[in-house]
Amino acid sequence: MKTIPFGAPMIGEREISAVTEVLKGPVLVHGPRSKRFETDFAAWTGSPHAVSLSSCTAGLHLAYFDLGIGPGDEVIVPAQTHNATAHAVALTGAKPVFVDCELETGNIAIDQVEAAITANTRAISVVHFLGMPVAMDRICAMAAKHDLFVLEDCALALGSTYKGRHAGLWGDAGCFSFYPVKHITTAEGGMLITRRRELAERIMRRRAFGVDRTPGERDIPGVYDVTMLGFNYRMNEIAASLGVEQLKRANEFLKLRRRNHELLHAQLSELDEVRLFQSTHGDYVSSYYCLSVLLTQKLRAMRFEIVQKLKDQGVGTSIYYPRPVPHFTWYREKYGCRTDSFPNAAAVSYGSIALPVGPHLNEDDMSFIAAAVKQAISEVNP
Ligand SMILES: *Cc1c(COP(=O)(O)O)cnc(C)c1O
């Protein structure tokens with residue numbers, strides 16, 4: 001039987017020997033690989049600064065913390081996203097104020113943002129949902145008007161551009177994830193990019209306990225000062241060596257994702273029972289994380305049956321994201337969010353199925369997935 005996993009890390013001989021190389025040497029942290037990965041990542045995205053980190057969540061948390069956001073403050077957060085986007089805010093003691101998404105893209109409903117801004121709002125956060133970029137000029141204009149920071153969750157946005165500028169370079173900072181199913185992987189890892197030099201420099205200190213100089217910068221070992229509050233959010237050399245090799249393949253991966261997405265999109269677009277999210281057009285260039293199909297109202301109750309039928313045929317799927325963040329227990333209990341709120345985010349969470357288009361799959365796989373989807377739907381909807 002065919003097996004088509006939703007995602008699979010693309011680890012080759014180069015990655016394996018890069019990791020082995022690190023393990024044979026004495027430097028596992030604070031070494032040249034994390035620096036190299038930062039330089040390469042900055043060049044690849046066109047960012048003046050890049051800071052390697054232990055995860056995307058760590059980067060978002062550090063950014064809010066460094067910007068002085070905390071108790072009493074509010075941050076606008078999209079309801080339709082990974083819970084990490086909201087956790088990073090809640091961890092500082094600030095309150096996430098959720099805004100629904102657009103049904104066309106799953107991105108934050110920009111028209112609803114302004115109504116959610118209060119005297120306590122300090123920042124607007126966005127997620128480039130499944131790699132489809134948000135219209136950042138509109139977000140940034142609103143933020144400028146109300147004197148707010150802008151944070152971009154770019155976990156699925158490696159290769160996403162809006163008006164020719166890479167995601168993460170519109171707001172104050174953008175954070176990427178290198179978790180195994182993302183566009184490139186370091187097992188666990190993240191990167192923050194920013195156009196603001198002082199912000200990048202402070203984040204580099206804060207990711208390593210707020211110490212004023214790294215081991216390499218110390219003339220005499222053990223002589224350093226702690227000049228700010230910080231975390232241990234560094235990326236180690238093993239992860240960074242993977243990142244350096246993976247980034248070299250990012251363009252090839254993106255090409256395959258785009259090809260797969262276009263093939264699958266073409267084969268599913270005439271299907272009446274599903275609606276496809278908007279993808280690359282005009283100023284918006286997606287990173288093609290996956291192809292999510294939104295089932296029509298009538299089919300939503302049968303979603304898990306469809307997922308099961310796809311699984312029986314060997315087609316792996318996922319759900320982005322299983323609930324609107326404010327519907328999760330912790331958020332409901334903490335902030336009194338209601339489960340009948342955020343109707344569009346709820347439609348996406350409870351009515352969509354994410355199909356794989358990753359570089360681990362070929363053209364035949366796309367035809368196989370399309371046929372499996374059509375068959376599963378016809379079986380539950382005769
Ligand atoms: C995966 C993901 C994260 C979490 O990334 P980590 O590197 O695991 O912290 C955050 N936001 C979004 C949108 C994600 O998809």
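The values are calculated or read from the model by the stated rules, or taken from the named source; none is laboratory data. Computed from a predicted model, the values in this text were never measured in an experiment. We place every Cβ from the backbone using ideal geometry, glycine too, and count neighbours over all the protein chains shown. Note: accessible area is taken over every heavy atom of the protein model, side chains too, but ligands, DNA and RNA are not part of it. Shrake-Rupley method; radii C 1.70, N 1.55, O 1.52, S 1.80 Å.
Once you have a ≥ b ≥ c as the square roots of the Cα gyration tensor eigenvalues for region 9-52, tell me rounded if a/c is under 1.5, and otherwise prolate or oblate according to whether a/b is larger than b/c.
Oblate.
Which of Lys24/Lys311; Lys163/Lys374; Lys255/Lys374; Lys35/Lys255 have a Cα-Cα distance over 31 Å?
Pairs exceeding 31 Å: Lys24/Lys311; Lys163/Lys374.
Classify region 109-178 as rounded, prolate or oblate, taking a ≥ b ≥ c as the square roots of the eigenvalues of its Cα gyration tensor: rounded when a/c is under 1.5, otherwise prolate if a/b is larger than b/c and oblate if not.
prolate
Taking a 1.4 Å probe, which of Leu271, Leu23 shows the most accessible area, and what order do the others take after it?
Leu23, Leu271
Whenever you get a sec, compute what percent of the accessible area on the chain sits on carbon and sulfur atoms (1.4 Å probe).
Carbon with sulfur: 53 percent of the solvent-accessible area.
What residues have an amide H closer than 5 Å to that of Val97, excluding those fewer than 5 places away on the same chain, when H is modeled at 1.01 Å from N in the peptide plane?
So Val97 has HN proximity to Val75, Ile76, Val77.
Over the Cα atoms of the chain, how large are the radius of gyration and the largest Cα-Cα distance (Dmax), in Å?
21.1, 76
Could you work out how far helix 13-24 tilts from the main Cα principal axis of the chain, as a 0 to 90 degree angle to the nearest 10?
Orientation of helix 13-24: about 30 degrees from the principal axis.
Using +1 at the Cβ of each Lys and Arg and -1 at the Cβ of each Asp and Glu in the chain, identify which of Ile139, Gly93, Ile76 lies farthest towards the dipole's positive end.
So the residue we want is Gly93.
Could you check which residue among Gly243, Gly164, Gly230 shows the biggest mean-square fluctuation in a GNM of the chain with a 10 Å Cα cutoff?
Greatest mean-square fluctuation among the candidates belongs to Gly164.
Which Rg and Dmax, in Å, describe the Cα atoms of region 88-132?
Every Cα atom of region 88-132 included, Rg and Dmax give 11.5, 32 Å.
Compute the helix-to-body angle for 303-312: its Cα long axis versus the longest principal axis of the chain, expressed 0 to 90° and rounded to tens.
Roughly 90 degrees between the two axes.
Out of Cys337, Ala347, Ile193, whose Cα points farthest toward the positive end of the dipole of the chain (charges: +1 Lys, Arg; -1 Asp, Glu; placed on Cβ)?
Ile193
So for region 250-380, taking the charge dipole from beta-carbon charges (+1 Lys/Arg, -1 Asp/Glu), which of Ile369, Leu291, His265 sits furthest toward the positive end?
Positive-most Cα among the choices belongs to Leu291.
Non-local amide H neighbours of Val315 (under 5 Å, H modeled in plane, Pro and chain starts lacking H): which ones?
Ile4
Binning at 5 Å from 0, report for region 250-380 what percent of all alpha-carbon pair distances ends up in each bin.
2, 10, 19, 21, 18, 13, 9, 5, 2, 0
Using a 1.4 angstrom probe, figure out how much accessible area the chain has per residue, in square angstrom, rounded to the nearest whole.
42 Å²
Given an 8 Å cut-off on Cα distances and at least 6 residues of separation, report the relative contact order of region 264-368 as a percent.
Relative contact order, region 264-368: 33 percent.
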